[in-house]
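Read the structure below first, then the notes.
The values are calculated or read from the model by the stated rules, or taken from the named source; none is laboratory data. Note that this is a predicted model, so its numbers are computed, not measured. Because the Cβ atoms are built from the backbone with ideal geometry, glycine has one as well, and the counts that use them run over all protein chains shown. Surface areas here come from the heavy atoms of the whole protein model, side chains and all, with no ligands, DNA or RNA. Shrake-Rupley method; radii C 1.70, N 1.55, O 1.52, S 1.80 Å.
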Number of protein chains: 2
Amino acid sequence: MTVSKDQKSSAAKSTILSVDAMGGDQGPAAVVAGLSLFAKKDRETRFILHGPSKTLTDLVAKRRNLEGRCTIIDAKGVVTMDDKPSQVVRHGKDTSMWSAIESVRDGTADVAVSCGNTGALMALSMIRLRKLPGVNRPAIAVLWPSRNPQGFNVMLDVGADIRADADDLLRYALMGASYARNGMNLPRPRIGLLNVGTEDHKGRQELKDANELIRDYQGNADFDYVGFVEGGDIQGDIADVIVTDGFTGNVAIKTGEGTAKLIGDLLKEAFKYTILSRIASLLALTSLRRLQKRIDPRGKNGGVFLGLNGTVVKSHGSADALGVAAAITLAAQLSQSQFNSKLAARVAAVLPQEHENIKGDSA
Amino acid sequence: MTVSKDQKSSAAKSTILSVDAMGGDQGPAAVVAGLSLFAKKDRETRFILHGPSKTLTDLVAKRRNLEGRCTIIDAKGVVTMDDKPSQVVRHGKDTSMWSAIESVRDGTADVAVSCGNTGALMALSMIRLRKLPGVNRPAIAVLWPSRNPQGFNVMLDVGADIRADADDLLRYALMGASYARNGMNLPRPRIGLLNVGTEDHKGRQELKDANELIRDYQGNADFDYVGFVEGGDIQGDIADVIVTDGFTGNVAIKTGEGTAKLIGDLLKEAFKYTILSRIASLLALTSLRRLQKRIDPRGKNGGVFLGLNGTVVKSHGSADALGVAAAITLAAQLSQSQFNSKLAARVAAVLPQEHENIKGDSA
């Protein structure tokens, strides 16, 4: 597999993305519309589209700017949101999701994109792509609106696994740093470890251990470790990458999204309350739309699976064309920066380092 | 201790609250101003104020409506936000916080209120009041803005302890239900258990065990168990009480607060952006203020320590008069409903139930 990948990276002139056209709430039309949106800005990237070939051929034919840029691979089955991951792994060979992962596995593409069932996508990615050497638990990383100059932070893991030990958390730090460098153009990202307080004595034992591991390791890597951070720092400007276990991360992003949605709804209500406020909402329309765009998850769509032999971008299940385009943009950027081979090198480098430490040589 | 409490509840005609006047960011003036605000609406409740007597006497003298309603207990020491809980427990006997807890311990008051250092307050409460029979881990419960008719949900634990096993989570469910009944007037609260998905097979083992324990127990209690809920349900209308361990709960509330704050700040910026939007913000001022009030934590101030021999209401460290008044209002309501003795009875009832189960009798 590694051989075919190397061959590919040296041979390929243009980026090729593997796209699962099925499994999202809005169906393949939204996915093809998203590709078309992206293709207006990027004229090089090519796509391998996975799904029922008749449907996809018709949809692609309607989009002039996709002409000659899509290879369609026929896959009759669809993974639904209710399918159990274990079932998909055993009986899902005919699905578009499986097929999309396969194009990364065989080295045709570096990055796969899917709007489908997260659990199934993770399970398939794990089984078919396998973990990178040195990675015990892969992670899902998301971008989160923040006060940073770049407008968002990376958080991982947000749900690939429900636990993480200190070694996993160190890997998450390395993978998150790599993602911030290649996906967000931050040469020296700041890493924070999520906890219930910022003092060194706070939190569970694995967090105290990870705190020391990451701090010790920062000399060997191009990131700055800022230590423990709290829930209020996820959208702050103290760190660019927030490291946590998948249970805590999952609850945190869903809490944040739910809070943002509640406030958005209350804001709409507030503006409907009086005639004056209705007029006000008309006057402020542009400003409010700008705000909405700033915090709209569709603008920065795409959770990314890290720690596998290949990168998988998970778009929101409810993504529309705009959401799909955002996920495709991220996938293209990660593919062009040869992100996954850089990440693999980073994580693999931890192993010999640890062996040296055992021998008492901490250079 | 129990004896003196019983004597007190039968003898006392009016509610007496024990108030730590020191340790908040805004000092004793904000606390006394908060008491005065509350006293405008409630003419019965009396206060025991703890702190330097000269300062407090002067502050109280300036508030006409507090005349004859405050007993001042002199305490020279102050617990600062930087003090370590272990230090306060060992050397904090002269502090206003210690003194405030002592008035609950000796049965003079049912409920203590403090704006001080949370860790120290929890440690002192644990050591001086001791845990209720049947409670292994006390919890901190907060009110959270939600889509429920009552406008907010209860969440616990948000940081008393960093872990909780299945038995603790069952106690949290019982304590949270009791709090919702007595603090929010919900006769039959709906309880949800926070997890990373709603299916029964999701999450860590202790969550699966607690899921069964709480489900089995709901027949014996006046609440409805809705099963697993997710981060997006904390501000939803699926459950009235969200049960979780203190690590997850702490990260969740801080993430939610941080997100709300970020959106609030971005909203202010958006309204400053153009002349039209500045005019709009003036027109919408009343509506926006109404929204702010709805989601402002000061309106529902007060984390509550549950599972002790006595109730302790923790107000935000940065609470102003309005925040203090909200915490005092909650404390008064809990005291008047004889919340703590009801809660004690609820939690104690689990013990014989378990013993019966062991004997094979699950009536």
>> So, taking all protein chains as they sit and a 1.4 Å probe, how much accessible area belongs to A:Arg289, in Å² rounded to tens?
In response: 150 Å²
> Beyond 26 Å, what percent of the Cα pairs of chain A remain?
Replying inline: 51 percent
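Is there a pair in A:Lys272/B:Lys40; A:Lys268/B:Lys293; B:Lys261/B:Lys314 whose C-alpha atoms are over 25 Å apart, and which pairs would that be?
Result: A:Lys272/B:Lys40 exceed 25 Å.
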>> Of all beta bridges DSSP finds with both residues in the range A:139-260, what is the antiparallel percent, to the nearest 5?
In response: 30 percent
> Karplus couplings for the range A:104-117 from phi (6.51 cos²θ - 1.76 cosθ + 1.60, θ = phi - 60°), rounded to Hz, Gly and Pro as x?
Replying inline: 7, 4, 8, x, 5, 10, 8, 10, 10, 10, 8, 9, x, 2
>> Residues of the range A:252-285 with the amide nitrogen closer than 15 Å to a label point 7 Å from the Cα of B:Arg204, along Cα-to-Cβ, please.
In response: A:252
>> Going by average Cβ density within 10 Å per residue, which order do the peptides B:246-253, A:232-239, A:135-142 take, highest to lowest?
In response: B:246-253, A:135-142, A:232-239
> Considering amide H positions built from the backbone, and no H for Pro or chain starts, which residues 5 or more places from A:Asn153, or on another chain, come under 5 Å of its amide H?
Replying inline: A:Trp144, A:Ser146
>> Treating the point 7 Å from Cα along Cα-beta-carbon as the label, what are the nm separations from A:Lys62 to the other copies, to one decimal?
In response: 7.0
> With Cβ to Cβ distances under 14 Å as the rule, what net charge do the other residues near A:Leu306 carry (K, R +1; D, E -1)?
Replying inline: +4
> If we hang a label 7 Å off Cα along the beta carbon direction at A:Ser341, how far is it from the matching labels on the other copies, in nm, shortest first?
Replying inline: 7.6
>> Summing both sides, how much accessible area is buried between B and A? Use a 1.4 Å probe and give Å² to the nearest 100.
In response: 4600 Å²
> Any number yet on Rg/Rh for the range A:139-260, C-alpha, Kirkwood?
Replying inline: 0.92
> Taking the Cβ of B:Ala221 as the center, what net charge do the other residues with Cβ under 13 Å away carry, scoring Lys and Arg +1 and Asp and Glu -1?
Replying inline: +4
> Leaving out ligands, DNA and RNA but keeping every protein chain, what accessible area does B:Asp165 have, in Å² rounded to the nearest 10, with a 1.4 Å probe?
Replying inline: 60 Å²
> Most fluctuating residue of B:Ala173, B:Ala160, B:Ala348 in a GNM of chain B with Cα springs under 10 Å: which is it?
Replying inline: B:Ala348
> What does a probe at B:Asn220 reach in the range B:175-210, counting residues whose amide N is under 16 Å from the point 7 Å along Cα→Cβ?
Replying inline: B:175-178, B:210
> Of all DSSP beta bridges in the protein assembly as shown, what percent run antiparallel (nearest 5)?
Replying inline: 30 percent
> Which distances, shortest first and in nm, link B:Glu212 to the matching position in the other copies, using label points set 7 Å out along Cα to C-beta?
Replying inline: 3.8
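When the solvent-accessible surface of protein heavy atoms is calculated with a 1.4 angstrom probe, in what order do A:Cys115, B:Cys70 fall, highest first?
Most to least solvent-accessible, the answer reads B:Cys70, A:Cys115.
As an exercise, use a Förster radius of 25 Å and the Cβ-Cβ distance of A:Asp74 and A:Asp42 to find the FRET efficiency, rounded to the nearest 0.05.
FRET efficiency, A:Asp74 to A:Asp42: 0.45.
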> Under a point spin-label approximation (7 Å from Cα along Cα-to-Cβ), what is the B:Ser14-B:Arg130 distance to one decimal in nm?
Replying inline: 3.2 nm
> When all C-alpha to C-alpha distances in the protein assembly as shown are sorted into bins of 10 Å, what percent of pairs does each bin hold, rounded to whole numbers?
Replying inline: 3, 14, 21, 23, 19, 12, 6, 2, 0
> In percent, how large is the relative contact order of the range B:137-299, given Cα pairs closer than 8 Å and 6 or more residues apart?
Replying inline: 29 percent
> Quick one: ranking A:Glu257, A:Glu230, A:Glu67 by accessible area, 1.4 Å probe, largest first, what do you get?
Replying inline: A:Glu67, A:Glu257, A:Glu230
> Accessible area, 1.4 Å probe, largest first: how do A:Arg346, A:Arg90, B:Arg171 sort?
Replying inline: A:Arg90, A:Arg346, B:Arg171
>> Taking the Cα centroid of the range B:182-222 and of the range A:79-149, what is the distance between the two, rounded to the nearest whole Å?
In response: 31 Å
> Calculated from DSSP H runs of 4 or more alone, at -39500 (n - 2.57) each and per residue, what is the 222 nm mean residue ellipticity of chain A, nearest 500?
Replying inline: -15500 deg cm²/dmol
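When DSSP assigns beta bridges and you keep just the ones with both residues in chain A, what percent turn out antiparallel, to the nearest 5? Don't jump to the answer; show the numbers that get you there.
Details: 12 of 41 bridges.
Beta bridges within chain A, antiparallel portion: roughly 30 percent.
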> Normalised by the residues of chain A, what does the relative contact order come to in percent, with Cα pairs under 8 Å and at least six apart?
Replying inline: 22 percent
